[in-house]
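One structure is given here, and the rest of the page talks about it.
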Amino acid sequence: MSGETSRKHVVIHTDGGCKGNPGPGGYGAVLVCGRHRKELSEGYRLTTNNRMELRAVIAALEVLKQPCTVDVHSDSKYLIDALTKNWIAGWRKRGWLTANREPVKNRDLWLRLLAAAQPHRVRWHWLKGHAGHRENERCDALASAAVAKPGLLEDEGFGNDDDGGLLSGSSFSGLRD
């Protein structure tokens, strides 16, 4: 077997949010591959809703140990539209500027997301949040629980859109553009 037929299929559900925007935030992700299930969550002291939505997908993709076929489900229009409506291609073509010639917010995380998705064949799906979808509700609960834990992390790239967060830590070095 080769190519697509040998890839494992993983379904990922994600959610992120903040108490205040900006404010303390967290994300939750649920990964399902066959009978296997993994849940991820983390909380941050000061961040935004959009950063938590991005971090949820990044965390889920980064735990995959081999190239997979992945279906990502998110209630974030910001995330899904940027990928399915190809906003990212325009941002990259304009040197990470929006159509209004403003710097793209969360560039550090968009670059990290692109790197995390690169080895996989990813399909992006939007679903309505807080609409009773079991896995989306679980991700929301994971994100809320993460915010309530002591010792929240620093979101190193938050508020540093001048350089896309790339100068604020070694974790982003070596990413492909």
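Please treat every number below as a calculation from the coordinates, not as lab data. Just so we're clear, the structure is a prediction, and the values are computed from it rather than from any experiment. Using ideal geometry, Cβ is built from the backbone for each residue, glycine included, and neighbour counts are taken over all protein chains shown.
Structure above, values below:
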| read-out | value |
| --- | --- |
| Subset of segment 78-93 (residues that are loosely packed, with under 13 Cβ neighbours inside 10 Å and either basic (K, R) or in contact with a Cys (Cβ under 9 Å, 6 or more places away or on another chain) (or both)) | K85, K93 |
| Residues (outside any strand (DSSP E or B) and of a type in the set (S, T, N, Q)) located in segment 5-57 | T5, S6, N21, T48, N49, N50 |
| Conditions (1) closer than 25 Å to G151 by Cβ; (2) without any contact (Cβ under 8 Å) to a residue 40 or more places away in the chain; (3) not aliphatic (A, V, I, L, M); number of the one not met by G34 | (1) |
| So D15, is it touching a residue at least 12 places away in the same chain (Cβ under 8 Å), surrounded by fewer than 19 Cβ atoms within 10 Å (Cβ to Cβ) and of a type outside the set (A, V, I, L, M) | no |
| D155 in contact with a helix residue (DSSP H, G or I) (Cβ under 7 Å, 6 or more places away or on another chain) and in contact (Cβ under 8 Å) with a residue 60 or more places away in the chain | yes |
| Odd one out for A131, checked against (1) in a loop (DSSP other than H, G, I, E, B); (2) farther than 19 Å from V70 by Cα; (3) in contact with a Pro (Cβ under 6 Å, 6 or more places away or on another chain) | (3) |
| Looking only at segment 22-58, and only at residues there that are within 18 Å of A117 (Cβ to Cβ) and among the small types (G, A, S), the one that is farthest from the chain's Cα centre (by Cα) | A29 |
